[in-house]
């Protein structure tokens with residue numbers, strides 16, 4: 001799978017910054033780093049190889065990074081890097097564009113000089129997620145994509161919001177996935193990143209069909225997640241809400257692991273399972289929990305739950321609360 005988790009815990013405090021510099025220069029790209037926190041520098045880096053892309057997280061003390069033309073000549077991985085800043089702020093300057101990023105996305109290109117500076121939060125820390133995509137696999141023209149370099153991409157709307165949310169999911173669940181599944185997730189990530197950049201260029205319709213389909217699937221999955229408690233949530237209701245035909249909806253999910261209807265059912269059962277295992281909800285009737293998550297029939301819920309977990313909801317609750 002290619003998962004790596006390293007931190008300053010493995011080195012002495014006085015050597016942490018040197019370790020960080022060496023790790024970034026060798027594993028990301030050659031770059032000059034400086035900081036005012038050499039003596040008490042803190043850092044943590046994780047890495048997940050997705051096949052088509054690579055996802056890394058950085059948590060560190062404030063640092064200034066300069067990648068000069070000499071650095072580019074020394075080593076260029078020919079990548080686009082999409083950073084999602086989740087804590088603190090990130091100042092970026094590339095190709096004449098300057099931005100301060102906090103809670104949003106920004107695109108950079110390893111083939112051009114760049115200067116970045118992280119700004120710590122109240123606790124003096126910065127955290128970001130970085131998606132590294134080889135330029136050769138991104139199905140968009142580089143001369144057009146480069147127009148976005150160094151500019152803030154709001155992560156609260158459109159395909160950027162979908163991409164940001166998906167990256168968070170990958171960080172939570174990706175390390176537990178096997179080789180075949182991680183490669184599938186890598187392809188999904190590439191599709192979403194492509195659609196995000198295409199939308200920022202005002203050319204989403206020019207993105208490959210699979211990238212546009214991936215965005216629609218993620219939108220539908222989010223809609224399902226936010227409406228599980230509605231007993232009227234059906235494939236037809238989903239198709240109507242997204243202005244597509246039922247046939248189009250089924251085609252979107254045709255090659256996915258499970259169908260739309262099965263997704264709704266599976267997510268509802270999982271939410272019920274979590275509630276049944278909660279001590280805080282132990283006084284609530286099983287039927288009330290089932291109704292909260294869209295099961296209008298107690299009998300149908302009990303049957304569906306037993307098919308998945310091998311025991312009735314009542315039996316599952318009793319066993320869960322004993323542990």
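The values are calculated or read from the model by the stated rules, or taken from the named source; none is laboratory data. All values derive from a computational prediction rather than experimental measurement. Methodologically, a virtual Cβ is constructed for each residue, glycine included, from the backbone with ideal geometry; neighbour enumeration extends over all protein chains shown.
Side notes on the structure shown:
- Of the residues screened, residue 153 is not one that is touching a helix residue (DSSP H, G or I) at 6+ places or on another chain (Cβ under 6 Å), surrounded by 22 or more Cβ atoms within 10 Å (Cβ to Cβ), farther than 24 Å from residue 112 by Cβ and in the same structural domain as residue 77 (by TED's automatic domain parsing).
- Residue 210 being within 23 Å of the chain's Cα centre (by Cα), in the same structural domain as residue 157 (by TED's automatic domain parsing) and free of Cβ contacts under 8 Å to residues at least 24 places away in the same chain: yes
- Selection of the range 26-51 for residues being touching a strand residue (DSSP E or B) at 6+ places or on another chain (Cβ under 8 Å) and either in a helix (DSSP H, G or I) or under 28 Å from residue 181 (Cα atoms) (or both) yields 27, 28, 29, 44, 45, 46, 47, 48, 49.
Every residue, every condition in (1) touching a residue at least 24 places away in the same chain (Cβ under 8 Å); (2) within 27 Å of residue 138 (Cβ to Cβ); (3) exposed (fewer than 15 other Cβ atoms within 10 Å of the Cβ), yes or no:
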position	(1), (2), (3)
190	yes, yes, no
193	yes, yes, no
196	yes, yes, no
199	yes, yes, no
229	yes, no, yes
265	yes, no, no
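- The number of residues in the range 279-290 that are surrounded by 14 or more Cβ atoms within 10 Å (Cβ to Cβ) and in contact (Cβ under 8 Å) with a residue 40 or more places away in the chain comes to 0.
- Residue among 284, 256 that alone is over 15 Å from residue 220 (Cα atoms) and not in a helix (DSSP H, G or I): 284
- Selection within the range 288-302: residues that are outside any loop (DSSP other than H, G, I, E, B) and at pLDDT below 95. The member of this set that is farthest from residue 227 (Cα to Cα) is 299.
- Condition broken by residue 238, with the remaining ones in (1) surrounded by fewer than 17 Cβ atoms within 10 Å (Cβ to Cβ); (2) without any contact (Cβ under 8 Å) to a residue 40 or more places away in the chain satisfied: (1)
- Under the condition of being without any contact (Cβ under 8 Å) to a residue 24 or more places away in the chain, surrounded by 12 or more Cβ atoms within 10 Å (Cβ to Cβ) and assigned to a helix (DSSP H, G or I), the residues counted in the range 304-318 number 3.
- Meets criteria (at pLDDT below 90 and surrounded by 14 or more Cβ atoms within 10 Å (Cβ to Cβ)) for residue 181: yes
- Which numbered condition residue 255 fails, given (1) touching a helix residue (DSSP H, G or I) at 6+ places or on another chain (Cβ under 7 Å); (2) closer than 22 Å to residue 166 by Cβ: (1)
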